[in-house]
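Have a look at the structure below, then the notes.
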Amino acid sequence: MGYGFSFNQAQCIQCHACEVACKSWRSTEPGVRYRWVTNIWQGTYPEVKCTSTTTACSQCAHPACVDACPEGAITKRAQDGIVVVDKNLCTGCQACFGACPDAIPQFGKDGKMQKCDQCLGQIDPVLEEPPCVATCPTQALGFGRS
């Protein structure tokens, strides 16, 4: 049993704090995002409504990216369910991107796949929340045992 993110759309105020915190904490290069906020517009003027959702790797139970990777660079850790990428094995073929149902894999200047790994090795998930969760002013984004 691992850790996972939860999201309460009704509590989201579209501040993008989770996205900014992740980008800042992980120091990702321009164009690479491990978490992002998407605004969802509905209706027509004058009755327009905007809601948001936040997206990051779901650490799937059966990740298609793992099976799609011809180099074996992507694995799912048995101890906590986190899907990790070995950048030393990744060739940047982007097969994982095509396999991912949520289009999560990101590719930087080096061409290697990268994505959210729940701040693996940077926080203690028992004692700390990832920065994206800790920064959310309305607690719309949560983190805990899944």
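So which of Ile123, Ile82 is of a type in the set (Val, Ile, Thr), closer than 22 Å to Gly142 by Cβ and free of Cβ contacts under 8 Å to residues at least 24 places away in the same chain?
Numbers: Ile82 fails: free of Cβ contacts under 8 Å to residues at least 24 places away in the same chain.
One residue alone meets the criteria, Ile123.
Right, Ser6: hydroxyl-bearing (Ser, Thr, Tyr), at negative phi and surrounded by 15 or more Cβ atoms within 10 Å (Cβ to Cβ) or not?
Values: hydroxyl-bearing (Ser, Thr, Tyr): yes; at negative phi: yes; surrounded by 15 or more Cβ atoms within 10 Å (Cβ to Cβ): no.
Answer is no for this residue.
Going residue by residue through the range 70-82, is there one that turns out to be within 12 Å of the chain's Cα centre (by Cα) and crowded, with 17+ Cβ neighbours inside 10 Å? Steps first, please.
The first filter runs over the range 70-82 and keeps only residues within 12 Å of the chain's Cα centre (by Cα), leaving 82.
Subsequent filtering for residues that are crowded, with 17+ Cβ neighbours inside 10 Å retains 82.
Within the range 70-82 (the criterion being within 12 Å of the chain's Cα centre (by Cα) and crowded, with 17+ Cβ neighbours inside 10 Å), the answer is yes, since at least one residue qualifies.
Exactly one of these conditions fails for Ser52: (1) more than 12 Å from Met113 (Cβ to Cβ); (2) among the small types (Gly, Ala, Ser); (3) in a loop (DSSP other than H, G, I, E, B). Give me its number.
It fails just one condition, (3).
Out of the range 58-79, which residues are in contact (Cβ under 8 Å) with a residue 12 or more places away in the chain, touching a helix residue (DSSP H, G or I) at 6+ places or on another chain (Cβ under 7 Å) and under 21 Å from Arg33 (Cα atoms)?
Result: Ala64, Cys65, Cys69, Ile74, Lys76.
Listed here are the residues, each with its yes/no results for (1) among the aliphatic types (A, V, I, L, M); (2) touching a helix residue (DSSP H, G or I) at 6+ places or on another chain (Cβ under 9 Å).
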| position | (1), (2) |
| --- | --- |
| Phe5 | no, yes |
| Ile13 | yes, no |
| Cys18 | no, yes |
| Ala21 | yes, yes |
| Pro30 | no, no |
| Gln42 | no, no |
| Ser52 | no, yes |
| Ala56 | yes, yes |
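Within the range 83-101, count every residue that is over 15 Å from the mean Cα position of the chain (by Cα), within 16 Å of Ala61 (Cβ to Cβ) and surrounded by fewer than 14 Cβ atoms within 10 Å (Cβ to Cβ).
Filtering the range 83-101 for residues over 15 Å from the mean Cα position of the chain (by Cα) gives 86-95, 98-99.
Next, from what is left, pick out any that are within 16 Å of Ala61 (Cβ to Cβ): 99.
Still in the list and also surrounded by fewer than 14 Cβ atoms within 10 Å (Cβ to Cβ): none.
Residues meeting the conditions: 0.
Tell me yes or no: at least one residue of the range 31-39 is at pLDDT 95 or above and part of a helix (DSSP H, G or I).
No, the range 31-39 has no match at all.
Is it true that Asp80 is more than 23 Å from Gly31 (Cβ to Cβ), among the charged types (D, E, K, R) and in contact with a strand residue (DSSP E or B) (Cβ under 8 Å, 6 or more places away or on another chain)?
Numbers: more than 23 Å from Gly31 (Cβ to Cβ): yes; among the charged types (D, E, K, R): yes; in contact with a strand residue (DSSP E or B) (Cβ under 8 Å, 6 or more places away or on another chain): yes.
The answer is yes for Asp80.
In the range 13-41, what count of residues is obtained for those that are surrounded by 19 or more Cβ atoms within 10 Å (Cβ to Cβ) and under 18 Å from Gly142 (Cα atoms)?
Adding up the residues that qualify gives 8.
Just the residues that are touching a helix residue (DSSP H, G or I) at 6+ places or on another chain (Cβ under 9 Å) and free of Cβ contacts under 8 Å to residues at least 40 places away in the same chain, please, taken from the range 102-118.
Ala103
The values are calculated or read from the model by the stated rules, or taken from the named source; none is laboratory data. Everything numeric in this text was worked out from a predicted model, so none of it was measured. With ideal geometry, Cβ positions are generated from the backbone for all residues, glycine too; neighbour counts draw on all protein chains shown.
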